[in-house]
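Any read-out appearing in this document is the output of simple, stated calculations on the displayed coordinates, not a laboratory observation. A quick note: this is a predicted structure, and the numbers were derived from the prediction, not measured. Ideal geometry is used to build each Cβ from the backbone, glycine not excepted, and the neighbour counts take in all protein chains shown.
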Amino acid sequence: MFPYVHICFAADVLGKLNNEIILGAVFPDTVIAGYLGHPDTHRRCGEIYEYLCGLGIFKDFAEAAVTHGITPAGLDYYCDEKYLNFAKGYAFEAARPLVGKVIKCCRLPEKMGFWKAHNFIEMAADLWFYERRKEYRGYLARALASEDLILALSQVLAPFYELPVGKMAMSFPIYGEYVTIDNMTPLELAKKYGRQTAKKHGINIDVPAAANVIEEALDIVDRTFPEFLEISKERVGSLIKNLSG
């Protein structure tokens, strides 16, 4: 999922929200900076939790990262990997009607269509939350501006990943350049998604057409996202309780 969803989801599951939780909730997606791989962050959240709790610091960050990740099963597990009895996660299943339009507007080879189409459900879910949780607007910008906290987190996480502290710290502001932080609209989401696809794949998308597909995805999200959200909150909430012992 995209950042606003992860922030709201972490707040709901953990029952509170602060800069540490916000940074933990988005941390797995800082892979866009290019210093870590997707498995390093999404599939090692349990290890991060044990590492930080073993040090006795940044438990809020660790729990928030767990709410996001794939291993153990956080929100992205149910979003991307497996949801109920479906073949794939929620965002993939919900995106099936959009695949052809996404291939066209993103100028993709057909084999990439299903994968990229799920991002349109994720962007629509971000917009869905942005319209309903106005009290959290501006929170991500504030957290990404918390240079002292980011440096402290990076000094602790860098040894875990065997990465220089400077690169770990830069992951957060670089991430902020590729996601919509404020003034979220289908067009702004499409513009930032275009930046992501250009960086990752060297593809220039049709931004207005992509914005139209996000609007279509929002109709799907309106019908299906609330149930997915409640099921995921229950399961991830139980996971956090079990980790905390």
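Between the helical axis of 147-161 and the dominant principal axis of the chain, each derived from Cα atoms, what acute angle in degrees is found, rounded to the nearest 10? Roughly 90 degrees, rounded to the nearest 10. Across segment 128-135, coupling constants 3J(HN,Hα) worked out from phi with the 6.51/-1.76/1.60 Karplus curve, θ = phi - 60°, read 4, 5, 4, 6, 9, 10, 5, 5 Hz, and Gly and Pro carry x. Taken about its Cα centre, segment 79-207 carries a charge dipole of roughly 480 debye when the Cβ of each Lys and Arg holds +1 and the Cβ of each Asp and Glu holds -1.
For segment 3-244, the dipole from Cβ point charges (+1 on Lys and Arg, -1 on Asp and Glu) about the Cα centre works out to 480 debye, to the nearest 20.
Put in order of Cβ neighbour count within 10 Å, fewest first, the listed residues VAL99, VAL221 become VAL99, VAL221. For LYS200, the lysines whose Cα comes closer than 27 Å to its Cα, not counting residues fewer than 8 places off in the same chain, are LYS82, LYS88, LYS101, LYS104, LYS111, LYS116, LYS167, LYS191, LYS192.
Can you give me the angle between helix 3-14 and the longest principal axis of the chain, using Cα atoms only, in degrees from 0 to 90, rounded to the nearest 10? Taking Cα atoms only, the helix is inclined about 50 degrees. Restricting the chymotrypsin sites (Phe, Trp or Tyr not before Pro) of segment 1-88 to loop positions (DSSP other than H, G, I, E, B) with no more than 16 neighbouring Cβ atoms within 10 Å leaves PHE86. Once the Cα atoms of helix 45-55 and of the chain are each reduced to a long axis, what angle between those two axes, in degrees from 0 to 90 to the nearest 10, is obtained? Tilt of helix 45-55: around 20 degrees. Note on the chain: along the principal axes its Cα atoms extend 49, 36, 34 Å, ordered by decreasing extent.
In a fully extended conformation the segment linking ASN212 and ASP182 would gain 8.9 nm over its present Cα-Cα distance, using 0.36 nm per residue. Among the aspartates and glutamates, select those whose C-alpha is under 15 Å from the C-alpha of LYS199, and discard any that sit fewer than 8 residues away in the same chain. The reachable aspartates and glutamates, counting only those whose Cα sits under 15 Å from LYS199, are ASP29, GLU177.
Placing unit charges on each Cβ (+1 for Lys and Arg, -1 for Asp and Glu) gives segment 3-244 a dipole about its Cα centre, and among LEU75, ILE103, ALA124 the Cα reaching farthest toward its positive end belongs to ILE103.
Radius of gyration (Cα atoms) of segment 51-139, expressed as a multiple of 2.2 N^0.38 Å: 1.35.
Could you work out [θ]222 nm for the chain from helices alone, using -39500 (n - 2.57) per DSSP H run of at least four and dividing by all its residues? Round to the nearest 500 deg cm²/dmol. Helix contribution divided over all residues of the chain: -21500 deg cm²/dmol.
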